1. So in segment 19-46, with the set limited to residues that are charged (D, E, K, R) and at pLDDT 95 or above, which one is surrounded by the most Cβ atoms within 10 Å (Cβ to Cβ)?
2. Take segment 58-97 and flag every residue that is under 11 Å from the mean Cα position of the chain (by Cα) and free of Cβ contacts under 8 Å to residues at least 24 places away in the same chain.
3. Name the residue, out of G73, G53, that is of a type in the set (G, A, S), loosely packed, with under 13 Cβ neighbours inside 10 Å and in contact with a Lys or Arg (Cβ under 9 Å, 6 or more places away or on another chain).
4. What number of residues within segment 130-144 satisfy the criterion of being more than 21 Å from R72 (Cα to Cα) and not in a loop (DSSP other than H, G, I, E, B)?
5. What are the residues in segment 101-122 that are assigned to a helix (DSSP H, G or I) and surrounded by 15 or more Cβ atoms within 10 Å (Cβ to Cβ), if any?
6. Does segment 91-143 hold any residues that are among the β-branched types (V, I, T) and out of contact with any helix residue (DSSP H, G or I) (no Cβ under 7 Å at 6 or more places or on another chain), and which are they?
Amino acid sequence: MISPEYAAGFFDGEGCVDIPENSKRNSQRTVRVSLANSDVSILEKFKDQFGGGIHTQHSNPKWKIGRRLNLRGRKAATFLKFISEFTVVKKKQVDLALEFWAFHTLGRKIRCVRVGSVDHIKPEVVEKEQSYRYQIHVLNRKGI
């Protein structure tokens, strides 16, 4: 079992958190955590504990094959809560992603308005989620 301290250090060095847009429904967002490494065995340990999927990244043929574990939604939030207390470098991103997740998982009655028989996300909710997405994007820029 991976400790929260180790997981936080690994994430600080090899991880990323963002709020991507769903390509099918632009107003639907979720939290995504990615952990990258060329050693698949460590990513498999994270996968065994937190779930998600490991993907191979091919880039320069002279480089080692890279691999990435992606966690989305509830699995990502569970991982971020697990490491939150011990994260240093990416603490602001982790806290912001957890704040977004708490807002994102509010009940439909709070987040949506019913038109006929269809629930639509309220415009102010979409705007707030876009704000979270932009803030994390700014924090993830290289050099910050």
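1. Looking at residues that are charged (D, E, K, R) and at pLDDT 95 or above, I get R32.
2. Selection gives R74 alone.
3. Step by step, each of G73, G53 is checked, and only G53 is of a type in the set (G, A, S), loosely packed, with under 13 Cβ neighbours inside 10 Å and in contact with a Lys or Arg (Cβ under 9 Å, 6 or more places away or on another chain).
4. Qualifying residue count for the region: 0.
5. Residues satisfying the conditions are W101, H104, R111.
6. Within segment 91-143, T105, I110, V113, V115, V118, V126, V138 qualify.
Residue-wise test of (1) within 29 Å of V125 (Cβ to Cβ); (2) of a type outside the set (V, I, T).
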position	(1), (2)
R29	yes, yes
S34	yes, yes
D39	no, yes
S59	no, yes
G66	no, yes
N70	yes, yes
G73	yes, yes
S84	yes, yes
T87	yes, no
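So that you can scan it fast, the table gives a plain yes or no per residue for (1) outside any loop (DSSP other than H, G, I, E, B); (2) in contact with a Lys or Arg (Cβ under 9 Å, 6 or more places away or on another chain):
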site: S59; (1), (2): no, no
site: L69; (1), (2): yes, yes
site: L80; (1), (2): yes, no
site: V89; (1), (2): no, no
site: D95; (1), (2): yes, no
site: E99; (1), (2): yes, no
site: K128; (1), (2): yes, no
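The values are calculated or read from the model by the stated rules, or taken from the named source; none is laboratory data. For clarity, every value in this text was computed on a predicted model and none was experimentally measured. No Cβ is skipped: glycine too gets one built from the backbone with ideal geometry, and neighbour counts run over all protein chains shown.
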